[in-house]
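Structure record follows, encoded as structure tokens.
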Amino acid sequence: MTAQTIAQELGHSFSDPSLLRTALTHRSFGAPNNERLEFLGDGILDCVIAAALYRRFPEVPEGDLSRLRANLVRQETLYDLALRLDIGNSLRLGEGELKSGGASRPSILADALEALFGAIYLDAGCDAASAVIARLYAPLLEGLK
């Protein structure tokens, strides 16, 4: 799967393709890489999921909402979503990471997905990033009781 295919799966057409390329570049490949975008995407994801939970469960206390959010933004959940998007096949990894299976490592895939969220935010703003996250997370949110 190509980087453009991942963008299509996410439902976002990048105005600045360098953001997409950077989001899919692991630090082992060189600079620029996705670490800063991952930082940004992590914060955006937390905010979008917190707001979705707040609206969906108006009577649920803060502690329970925090636990729900933690489960939705944890590495395992992000990894599952990244697998469905086949992000691993589009990652740019250094030779060592390629040989050691980095394209299927949960932490690398989860970080790359967060970096994609950050890249979408920088490319098109908060509403675009929120819409992508909402689409990806809709089945997970609907499954919560």
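Full extension of the chain between CYS47 and GLU142 yields a length gain of 32.4 nm, computed as 0.36 nm times the residue separation minus the alpha carbon distance. Per residue, the accessible area of the chain comes to 53 Å² when a 1.4 Å probe rolls over the protein heavy atoms. The phi torsions of segment 24-33, fed into the Karplus equation with coefficients 6.51, -1.76 and 1.60 and a -60° offset, translate into couplings of 9, 10, 6, 4, 5, 7, x, 10, x, 10 Hz, rounded to whole numbers, with Gly and Pro shown as x.
Shape summary: the chain maps onto an equivalent ellipsoid whose semi-axes, from the alpha-carbon gyration tensor, are 27, 16, 13 Å in decreasing order. Using only alpha carbons, segment 1-46 has a radius of gyration to Kirkwood radius ratio (Rg to Rh) of 0.98.
Taking only the alpha carbons of segment 21-99, we obtain Rg and Dmax values of 15.7, 50 Å in that order.
The modelled label-to-label distance for the pair ARG36/ASP64, using points 7 Å beyond Cα in the direction of Cβ, is 4.2 nm. Sequence-ordered 3J(HN,Hα) estimates for segment 66-81 from the Karplus curve with 6.51, -1.76 and 1.60 and θ = phi - 60° stand at 4, 5, 4, 4, 4, 5, 7, 9, 6, 4, 4, 5, 4, 4, 4, 5 Hz, glycine and proline given as x. Using the alpha-carbon positions of segment 72-145, Rg (one decimal) and Dmax (whole number) come out as 13.3, 44 Å. Annotation: amide H of ARG92 within the under-5 Å range of THR25, HIS26, sequence separation 5 or more or interchain, hydrogens built in the peptide plane. Over the chain, Cα pairs under 8 Å with separation of 6+ residues give a relative contact order of 38 percent. Calculated mean residue ellipticity, 222 nm, the chain: -22000 deg cm²/dmol, from DSSP H runs (n ≥ 4) at -39500 (n - 2.57) each, averaged per residue and rounded to 500.
Residue by residue, what Karplus-based ³J(HN,Hα) values in Hz, rounded to whole numbers, does segment 90-96 have, using 6.51, -1.76 and 1.60 with θ = phi - 60° and x for Gly and Pro? Using θ = phi - 60°, the values come out as 10, 5, 9, 10, x, 4, x Hz.
How large, in percent, is the carbon and sulfur part of the accessible surface of the chain at a probe radius of 1.4 Å? So the carbon and sulfur contribution to the accessible surface is 52 percent. If Rh is defined by the Kirkwood formula over all Cα pairs and Rg also comes from Cα, what ratio Rg/Rh do you get for segment 34-76? Using only Cα positions, Rg/Rh for segment 34-76 is 1.04.
The values are calculated or read from the model by the stated rules, or taken from the named source; none is laboratory data. Computed from a predicted structure; not experimentally measured. Every residue, glycine among them, receives a Cβ derived from its backbone with ideal geometry; neighbour counts consider all protein chains shown. Surface areas here come from the heavy atoms of the whole protein model, side chains and all, with no ligands, DNA or RNA. Shrake-Rupley method; radii C 1.70, N 1.55, O 1.52, S 1.80 Å.
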